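Step one of this worksheet: look at the structure below.
Every read-out reported here was derived from the displayed coordinates using simple, explicitly stated rules and does not represent laboratory data. Bear in mind the structure is a predicted one, so any value in this text is a computation, not a measurement. Reconstructed Cβ throughout: ideal geometry from the backbone, glycine too, with neighbour counts over all protein chains shown.
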Amino acid sequence: MGEARRVMDDVTEAAFSGDRAALGEIYAADASAVTPDAGELSGRGEIINWMQHFTEALPDARWEELAKYESGDTAIDEGYVVGTNTGPLALPTGETLPATGKKVRVRACDVATVEAGWITTHRFYYDQMEFLGQLGLAPEPSPATG
C-alpha cells in the first residue's frame, strides 16, 4: 500500500467518525476540493466544514466500500454513503432543512491526490438528486408533454 492509499483510508475513517482534528492533519492548508453541491472549496477549513455538514445531517453515516484503487499519488474509492437523516441538513444556499428521519444509501466516488503525506486535491462525486430524492426533498418530475 502506497502513501496515497494510506492517506485516503485515513481521511475516510476521520470523516465518518467526525474527527475534525484528524482531518486537519490530513488536508494541506491550501487543499482544494470539488463537490456536487457546494462546488469548489478552497482550504482545509472549508473542506472540513463541508464534511461536517454531512456528519451533522447523518450522524450514523458509514462508508460501504465497493472498491479501492491507487495509482501513483492518487487514490480512488467507490462505494455507498449510508445513514439516517436525524440532524439538520445545511444547503449551499445557507438555508437549513430539518431532519427527515429517512435512511439513505447513495453511490459515491472520491478521488484524492496526495503530496508529501497531505491531500492537496479531493474530488467528491455523488448524485445529488438521488440523495435529495431518498430524503423526500427532490421536486416531483414534471409530467411529459407532447
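Brief remarks follow.
- Nearest-ten-degree value, helix 44-57 long axis tilted from longest Cα axis of the chain: 40
- The chain, dipole about Cα centre (Lys/Arg Cβ +1, Asp/Glu Cβ -1), debye to the nearest 20: 380
- Relative to the longest principal axis of the Cα atoms of the chain, the long axis of helix 3-17 lies at roughly 40 degrees.
- Fraction of C-alpha pairs exceeding 23 angstrom in the chain: 35 percent, rounded to a whole number.
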